[in-house]
1. Mind sorting 131, 47, 103, 202 by how few other Cβ atoms lie within 10 Å of their own Cβ, fewest first?
2. Taking a temperature of 10 °C and a viscosity of 1.306 mPa s, what whole-number D in µm²/s does Stokes-Einstein yield for the stretch 53-196 with Rh from Kirkwood over alpha carbon pairs?
3. Assuming R0 = 22 Å, what is the FRET efficiency of residue 44 and residue 145, from their Cβ-Cβ distance, to the nearest 0.05?
4. Which angle from 0 to 90°, rounded to the nearest 10, does the C-alpha axis of helix 269-282 make with the longest principal axis of the chain?
5. Neighbour counts of other C-beta atoms within 10 Å: give me 266, 280 arranged from fewest to most.
6. Pick from 248, 261, 187: which residue has the top mean-square fluctuation in a GNM of the chain where Cα pairs under 10 Å get a spring?
7. Scaled to the compact-protein estimate 2.2 N^0.38 Å, what is the alpha-carbon radius of gyration of the chain, rounded to two decimal places?
8. If you split all Cα-Cα distances of the stretch 1-121 into 10 Å bins from zero, what percentages do you get per bin, shortest first?
Ligand SMILES: NC(=O)c1ccc[n+]([C@@H]2O[C@H](COP(=O)([O-])OP(=O)(O)OC[C@H]3O[C@@H](n4cnc5c(N)ncnc54)[C@H](OP(=O)(O)O)[C@@H]3O)[C@@H](O)[C@H]2O)c1
């Protein structure tokens with residue numbers, strides 16, 4: 001029997017698709033999905049949709065996350081990442097629904113080498129990070145029944161996906177450049193959506209960090225992936241990407257709230273990656 005009604009906004013995106021795939025496997029949830037067919041910038045349309053469907057939980061997977069695109073179009077980045085989140089927060093509050101809002105390690109400055117907990121103060125430097133923090137703030141202020149889930153470097157089979165592109169290039173014998181000076185944590189969409197699944201029915205609220213355990217550079221991520229896939233690791237070249245004051249950008253999330261509450265345990269990034277590639281090889 002379908003017990004709980006869920007609305008996934010941004011359902012065609014990388015994380016939205018992974019969530020839909022995962023929730024399809026259970027009988028417990030009745031899932032409604034929207035993407036560009038319901039512009040979350042249209043506050044009235046968002047409110048009408050919420051009122052009509054009356055979901056118990058709304059998961060906001062809508063986002064403008066291409067860093068360069070955000071820098072070049074600040075107004076649109078804030079519209080999608082901040083105003084869109086505001087509209088969903090207002091609509092969910094009005095129907096007493098819980099909102100699960102996806103956010104990012106980029107709300108941090110990149111200057112702190114240590115792992116960052118939910119209690120560290122965000123200080124974004126990029127338009128993307130600033131617009132995502134503005135979205136988080138709206139969600140926090142406008143709906144007390146909120147969960148903000150910050151994650152990093154999420155991979156899944158998708159067009160706009162770093163890992164998918166690395167594997168594709170390596171299979172074609174092409175040279176790959178990957179940065180050495182960005183340190184964070186590759187996170188499998190599968191591990192993330194399993195955690196979100198738990199949040200759907202839990203009584204937990206607030207901010208949660210949800211990255212796989214450990215940390216590496218994009219260069220090491222790409223090398224490890226090619227190694228696990230049995231492809232030529234020499235195709236990857238390490239390059240420096242950061243400019244200006246920051247020499248190496250560190251945004252390593254510590255899943256402290258998960259550990260404190262014991263609600264879930266994320267796998268090590270190497271384990272999750274190895275499993276993902278093994279599964280991909282089996283399924284062609
Ligand atoms: N991917 C990561 O590594 C990562 C890491 C941490 C946090 N996050 C956060 O997780 C969220 C989802 O990320 P993702 O990688 O799944 O992004 P994605 O693949 O770009 O998916 C976002 C979806 O939202 C849609 N969308 C954009 N503007 C919209 C609007 N105004 N109204 C309705 N739908 C709209 C997009 O459609 P179009 O594609 O047609 O624009 C796309 O289908 C984002 O908020 C991102 O900040 C992502």
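1. Listed from fewest to most nearby Cβ atoms, that is 202, 47, 103, 131.
2. On the way: Rh = 16.5 Å.
Rounded, D is 96 µm²/s.
3. Values: r = 22 Å, r/R0 = 1.00.
My answer for the efficiency is 0.50.
4. With both axes taken from Cα atoms, the answer is about 90 degrees.
5. Details: 266 25, 280 15.
Arranged by neighbour count, lowest to highest, 266, 280 become 280, 266.
6. Highest fluctuation of the listed residues: 261.
7. 0.99
8. Going from the shortest bin to the longest, the percentages are 12, 40, 32, 14, 2.
Every read-out reported here was derived from the displayed coordinates using simple, explicitly stated rules and does not represent laboratory data. On a predicted model such as this, the values are computed, not experimentally measured, just so you know. All Cβ positions, glycine included, derive from the backbone under ideal geometry; neighbour counts span all protein chains shown.
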